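The values are calculated or read from the model by the stated rules, or taken from the named source; none is laboratory data. Everything numeric here is computed off the predicted structure, so don't read it as measured data. Don't worry about glycine lacking a Cβ; one is built from the backbone with ideal geometry, like all the others, and counts go over all protein chains shown.
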Amino acid sequence: EKKPAPNFIRHIINEDIRTNKHNGKVATRFPPEPNGYLHIGHAKSICLNFGLALEYNGICYMRFDDTNPSKEEMEYVESIKRDVHWLGFDWGEGNLRHSSDYFDQLYDYAVQLIKLGKAYVCSLSPEEIRAYRGTLTEVGKDSPYRNRSIEENLALFEKMRCGEFEEGQQVLRAKINMQSPNINMRDPVIYRIKKMSHHMTGDKWCIYPMYDYTHCLSDMLEGITHSICTLEFEDHRPLYDWVLDELQTPCHPQQIEFARLSLNYTVMSKRKLNELVMNNYVNGWSDPRLPTISGLRRRGYTPAAIRDFCERIGVTKSDTCIDMALLETCVREDLNNTAPRAFCVQRPLKLIIDNYPEGQVEYMEAPWLAEKPALGTRKIPFTRELIIEQEDFMENPPKGYFRLQPNGEVRLRYGYIVKCVSVDKDPTTGEVLAVHCTYDPETRHGMPQSNRKVKGTIHWLSATQSLPVEIRLYDRLFNVADPDGAGGDYKDHLNPESMVILTNSRVEPDLATAKPEDHYQFERLGYFCVDEYDSKPTQLVLNRTVTLRDTWAK
Ligand code: ATP
Ligand code: MG
Ligand code: MG
């Protein structure tokens, strides 16, 4: 693998190692909230955090940031683990954590803050708290409960924990500064009451710590050295530091912010992905059109292509929108080097070779991958009745059409040169039902005459000795680059042709042994992947990952 490019985070780490700031150690974490499936934006954070740990011989914890029991589920936890592993990263024995593992310690730290006079129980309603908080242009107002005694706060907090109050009746707040220009510092709530079971801790707790309070302490407890997050947390950093400073914790991780990934022609917020999934605009979180890791996987993206993409986009502090074409280029480049080649006819048209003996079969040998002879060869049966793509024949072609046409010759790749002699048509509709050809027996692939000049080369299959398959042609989910900014609701811009299903397609018989998630380049058509869920040995289902060339470029 290539050496990683320098970026501002690597620069900070190099400096910290030079000055021995964290005793030369590097510890990072990937902290998803298990309230949805991971997407390509998360992959950027995964590659960064796990990548840095590998590069600097450190640790990257896999931490579920599970402080909100109302939105979190085990299904999401399992999908996240699977996706991180699939991307090629391993947190290692003992490094799987949950914020909820720290609930006892977080509670003790909250008691300590109360004892330090740095936290208080506030009895304002949620609406009042919001109103007292002020705005960007208007400072906040102190809560009337701000000066409760330490004893009273300890007693009330204990009662909160014991379930003696209703949700919303009391909260625990940090006592910082209601006049701060930074709204996050205006006595933020650090604990709230939620009478709800938690997927890890069950009914042990009815108070749950808030994200900002939890995150810095979880980082500290794990000995994280560099706590990497996205730019919107820049304004939360003073709170991150305040909690650790007030508690005089034994170590103090450094929060570092980077720009989140955004991609055109898709949406990435969990709220929108959730809406698309729950309202069946797509078929579940693993729909091949979604930018989720499991969707990309099912579509035929490879871990190597996604890691390459994350390295190419780099890590910066300025928000930019990345072109979907770059992601597609990464998967094309990877699959071009690795995917075996095969023939598939998507929309068949019968081609009959009038002078080819009935019942005869020749097996045309072709490499699985010319660059990797070790992969061996495939044997494509050649028979009197073949199929070709409907679009590879035109009865009245425009100038410059070099595929099959009346009286024209074309090369059947790895087969023979054939000449069109007649056409069978439906007498009422005029639809072309079959094309009749003659073949030139001297032009079999590899024979001296096979190289004689013929302009067009097309792919083909035996009509009888090929396998029926279902082909799912996937394309971009939205037909505008910026679905959020294109006017109306983002869902108005869903691409109605993002999935086209073909049920008459066929592939080479050697694909009978294809396994779920195998990749192929179907010559002239694109890269395809055997569907992970719906494909069966008796009825293959293949998903188009990407076409061979970018058809969206202007
Ligand atoms: P959302 O706001 O859609 O819920 P999130 O950022 O809250 O997303 P988390 O599950 O908390 O989602 O994210 C886990 C980690 O992945 C965080 O550290 C976050 O910074 C990072 N991350 C999430 N989205 C992106 C993105 N688009 N680009 C880079 N990193 C991201
Ligand atoms: Mg979130
Ligand atoms: Mg988050």
Worksheet, complete the sentence: Picked from the stretch 25-36 (must be in a loop (DSSP other than H, G, I, E, B) and more than 10 Å from ligand 1 (Cβ to nearest atom)), the residue surrounded by the most Cβ atoms within 10 Å (Cβ to Cβ) is 26
Worksheet item: Name the residues in the stretch 178-219 that are closer than 14 Å to residue 241 by Cα and touching a strand residue (DSSP E or B) at 6+ places or on another chain (Cβ under 6 Å), would you?
Response: 188, 213, 219
Item to complete: Check every one of the strands (runs of 3 or more DSSP E) wholly within the stretch 446-554 and list those with 1 or more residues that are surrounded by fewer than 12 Cβ atoms within 10 Å (Cβ to Cβ).
Response: 499-507
Discussion item. With within 15 Å of ligand 3 (Cβ to nearest atom), hydroxyl-bearing (Ser, Thr, Tyr), more than 30 Å from residue 288 (Cβ to Cβ) and not assigned by TED's automatic domain parsing to the domain that holds residue 324 as the only criterion, which of 28, 67, 19 stands out?
Written reply: 67
Worksheet item: Out of the residues in the stretch 183-226 that are of a type in the set (S, T, N, Q) and out of contact with any Pro (no Cβ under 8 Å at 6 or more places or on another chain), which is nearest to residue 30 (Cα to Cα)?
Response: 214
Discussion item. Condition first: within 24 Å of the chain's Cα centre (by Cα), touching a residue at least 12 places away in the same chain (Cβ under 8 Å), under 20 Å from residue 318 (Cβ atoms) and more than 15 Å from ligand 1 (Cβ to nearest atom). Can you find one or more residues in the stretch 48-65 that meet it?
Written reply: no
Worksheet entry | Qualifying position, being part of a loop (DSSP other than H, G, I, E, B) and either at negative phi or surrounded by fewer than 18 Cβ atoms within 10 Å (Cβ to Cβ) (or both), among 220, 178 | 178
Worksheet item: Among the residues of the stretch 15-32, how many are in contact with a helix residue (DSSP H, G or I) (Cβ under 6 Å, 6 or more places away or on another chain) and among the hydroxyl-bearing types (Ser, Thr, Tyr)?
Response: 1
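If we keep just the residues of the stretch 258-276 that are assigned to a loop (DSSP other than H, G, I, E, B) and touching a strand residue (DSSP E or B) at 6+ places or on another chain (Cβ under 8 Å), which is nearest to ligand 3 (Cβ to nearest atom)?
The extreme case among them is 260.
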